[in-house]
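Novice: One structure coming up, written as structure tokens, with questions to follow.
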Amino acid sequence: MSRPRVALLNAAHDPTNTTRNFRRELDAELVEFHAADGDLPDSHDYDGVVVTGSRSSVYWDEDWIDPLVAHVADCHDAGVPVLGVCFGHQVVAAALGGRVDDMGEYEIGYRSVERVADDPLFDGIDETFTAFTTHSDAVVELPPGAQLLAENDYGVHAFRLGESVGVQFHPEYDTETAADVTARKDDLADERKQDVLDGITPENYAAACEAKRLFENFTQSLVQPKAAD
């Protein structure tokens, strides 16, 4: 079976950890674009697209964000499967007509997430699973026609509309990235930050590795024959 060709739209301002994590987890021929620098594909000639996390908010007035949202909308319209992660999840929601807003608080650390619908992206993943989260924005309105796939007490954690899917949590994170991201949160109280750092343990990471299965599910779906209409 050939490996799919996937455009990795890296929205991280410092892309190093993000590049390492997605190149480790995605079994695909990755063509990387540093979206936060305005670098985007000039075609839709890919089997799939993955949009990464970012320190930015999708509603910020930054020159690169609206073109990224528009590109994702074009990919969806062209039938190219899209997977968005964290900020990428919010980009997919905004591109398809949903709404993203500031939560007024952080969800951060290893957290439980509940699946609320069956979907091929979550094949092999338990109904309740552990994942590392770090976000202060959330999808507060799903795109019209989208199906909610997973949630917790902080809100939407996964949805699908056609071939486009988003997940709010970070299945790609290793413990190094989780610790680096947490340590940079200067707007978190020191006690809470330390609680999160104390929770970055081999046991919690091992539990969160179950959610990495969604990357395999996504890339395998890109090379499977599509059912006839």
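Novice: Just the residues that are assigned to a loop (DSSP other than H, G, I, E, B), of a type in the set (Gly, Ala, Ser) and either farther than 17 Å from Asp42 by Cβ or touching a Lys or Arg at 6+ places or on another chain (Cβ under 6 Å) (or both), please, taken from the stretch 63-87. Write out each step before concluding.
Specialist: Narrowing the stretch 63-87 to residues assigned to a loop (DSSP other than H, G, I, E, B): 63-64, 78-81, 86.
Filter once more, keeping what is of a type in the set (Gly, Ala, Ser): 78-79.
Scanning the stretch 63-87 gives a single hit, Gly79.
Novice: Hey, another quick one. Collect the residues in the stretch 20-40 that are in a helix (DSSP H, G or I) and either among the acidic types (Asp, Glu) or open to solvent by 30 Å² or more (accessible area, probe 1.4 Å) (or both), keeping them in residue-number order.
Specialist: Pass one, the stretch 20-40, residues in a helix (DSSP H, G or I): 20-25, 35-37.
Across the stretch 20-40, the qualifying residues are Arg20, Arg23, Arg24, Glu25, Asp37.
Novice: Let me ask something else about it. Which of the following residues is over 22 Å from Leu148 (Cβ atoms) and either under 16 Å from the mean Cα position of the chain (by Cα) or open to solvent by 50 Å² or more (accessible area, probe 1.4 Å) (or both): Trp60, Trp64? Don't jump to the end; show me each part of the working.
Specialist: Working: Trp64 fails: either under 16 Å from the mean Cα position of the chain (by Cα) or open to solvent by 50 Å² or more (accessible area, probe 1.4 Å) (or both).
Selected residue: Trp60, the only one of Trp60, Trp64 that is over 22 Å from Leu148 (Cβ atoms) and either under 16 Å from the mean Cα position of the chain (by Cα) or open to solvent by 50 Å² or more (accessible area, probe 1.4 Å) (or both).
Novice: Let me ask something else about it. When residues of the stretch 111-155 are filtered for being open to solvent by 60 Å² or more (accessible area, probe 1.4 Å), assigned to a loop (DSSP other than H, G, I, E, B) and in contact with a strand residue (DSSP E or B) (Cβ under 7 Å, 6 or more places away or on another chain), how many remain?
Specialist: 3
The values are calculated or read from the model by the stated rules, or taken from the named source; none is laboratory data. None of the values given here were measured: they were computed from a predicted structure. Virtual Cβ from ideal backbone geometry, glycine too; neighbours counted across all protein chains shown. When the accessible area is computed, the model is the full protein with side chains, heavy atoms only, and any ligands, DNA or RNA have been set aside. Shrake-Rupley method; radii C 1.70, N 1.55, O 1.52, S 1.80 Å.
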